[in-house]
Amino acid sequence: MRELISVPAALVTILTFLSCAKVQYMGDDEASQGDVESVLATQPKTEDQAKETTIEPEEPKEPQSAKTPQDSPTDESSDRLFPNCGTNDGPIVADIYEVPEGSESLPDFSSLTPVTRVCLQDINIPARNFSEGFPGKEQLVEWFAIRAYAQLDAPVDGDYEISINSDDGAKVYLDDSLVIDNDGLHEPITKVEQVFLEAGSHELIIEYYQGPRLEIALQLGWTLPGEEINQWIAPKFFKPPTVTP
């Protein structure tokens, strides 16, 4: 009976010894691994390792700037063919009227009331489509009339050849006198008349009307005394009118 008991006891003793040895071994192994890592940490890094572990500093974000003038919205009316006087300092003041559909000539302006007013730098609208209308009257693209007022500054005394190109009808007045009559329902037609002008400012009135859509044209030109080339009158020769209705 004593031998049966002693054998297991001896086995337990052996197993206990092995277990303690294993724990001691694992502890030594972890310590060794820790020592290796400590040694590696103290070794200088290679160039490639430095690249891999280096963290690039984040570049500071630039503050969001306000819109530049180019990005700012522009007033669309400044690009209109007939701009509003409030957004344009053109010296030529023009009243816009509606005329009865089917009109074949300029209206009697004294019987009409203007529906809007525009201001122009010059009278130089070559033949083109017109579909944008007027400020506040965007749908008015046909059957309308214009009466424009300004002063025309003649640079020298002499005989001037004044010209008007229009689609449809137009008339030109200088100092209350009719100079050119290009009235009627027609495609672009240019008429030229000679008139003597003294140097200085002259009251100018241009009447124009547009029949059916969509082609329009209205250009005022002259040939200066002693010259042969007829040219459209530049903005510098116009000044605001002294009197408007």
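The values are calculated or read from the model by the stated rules, or taken from the named source; none is laboratory data. Values in this document were obtained by computation on a predicted structure and should not be read as measured data. Cβ: placed from backbone, ideal geometry, glycine included. Neighbour counts: every protein chain shown.
So, of the residues in segment 196-224 that are outside any strand (DSSP E or B) and more than 36 Å from the chain's Cα centre (by Cα), which turns out to be surrounded by the most Cβ atoms within 10 Å (Cβ to Cβ)?
My answer is LEU224.
Can you pull out the residues in segment 185-195 that are of a type outside the set (Asp, Glu) and either at pLDDT below 95 or within 37 Å of the chain's Cα centre (by Cα) (or both)?
If the condition is that a residue be of a type outside the set (Asp, Glu) and either at pLDDT below 95 or within 37 Å of the chain's Cα centre (by Cα) (or both), then LEU185, HIS186, PRO188, ILE189, THR190, LYS191 are the ones that fit.
Go through segment 78-129 and give me each residue that's touching a strand residue (DSSP E or B) at 6+ places or on another chain (Cβ under 8 Å), of a type in the set (Gly, Ala, Ser) and at pLDDT 95 or above.
Correct list: ALA94, SER103, SER105, ALA127.
Kindly check whether there is at least one residue in segment 135-152 that is more than 25 Å from PRO240 (Cβ to Cβ) and without any contact (Cβ under 8 Å) to a residue 40 or more places away in the chain.
yes
Considering only segment 118-136, I want to know if a residue exists there that is part of a strand (DSSP E or B), in contact with a His (Cβ under 6 Å, 6 or more places away or on another chain) and in the same structural domain as GLU227 (by TED's automatic domain parsing).
no
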